[in-house]
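These notes are about the structure you will find just below.
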């Protein structure tokens, strides 16, 4: 109890503590989840003609920031419940981090590289978008198609396992965790609809992560501090559980 009070007093003075960083990571997850949800229905088609549009010039940089926020947010969500989620949470967390790190590299290319190649290498751009659309063009893209496949697999499995682990931990809202797990597991079904509608399948995932991030950010600092400063005391662990 005294430990919690002392930590809360320190945080009230504006010091940077692990619990403060975790809460701000929750805010990053909120921002990323909202962006991810909003851009799905307004994202330009993944074709060469879209690259020179103003919508592409606006949305792709926002997506780049979004992917970085997701990496921060997911890390904070995992840090808040690291002991409670166990190995299942660790595996799900690592898969999601791999997925968004690779996804960030593709988004970075869409933002800063692809627009420079619209006139000089149109075939290369068509091949790049062919990977995304599931219709590869006859051009050698090296390992890019295989890496993009890894993005999809880790996105699905990571969301499923991380959602289940979060649900079982009971630290953050179970409805949000269940939504993340179910919608991630159903991701392969999106392949049954036209590509322009496949993006809509990502909206529930964005909502789930934003929900988890908000719950993390809005939690009492003392409760989070008790988790991040645990020294093995049984009494302290009971306070955290409450």
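Read-outs: derived from the displayed coordinates by stated rules, not from any lab. Because the structure is predicted, anything quoted here is derived from the model rather than measured. Using ideal geometry, Cβ is built from the backbone for each residue, glycine included, and neighbour counts are taken over all protein chains shown.
The table below lists the values:
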| item | result |
| --- | --- |
| Estimated inter-spin distance, residue 98 and residue 118, nm [label 7 Å along Cα→Cβ] | 3.6 nm |
| Label-point separation, residue 182 to residue 91 (7 Å along Cα→Cβ), nm | 2.3 nm |
| Nitroxide proxy distance, nm - points 7 Å out along Cα→Cβ at residue 190 and residue 55 | 1.7 nm |
| Peptide ranges 93-103, 207-217, 53-63, 140-150 listed from the most packed, as the mean C-beta count within 10 angstrom indicates | 207-217, 93-103, 53-63, 140-150 |
| Label zone at residue 218 (point 7 Å along Cα-to-Cβ), backbone N below 16 Å, the range 164-197 | 171-177 |
| Which of 172, 21 has the fewest Cβ neighbours within 10 Å, and the rest in rising order | 21, 172 |
| Residues 43, 135, sorted so that the one with the fewest Cβ neighbours within 10 Å comes first | 135, 43 |
| For the range 162-197 versus the range 51-117, the gap between their alpha-carbon centres in whole angstrom | 17 Å |
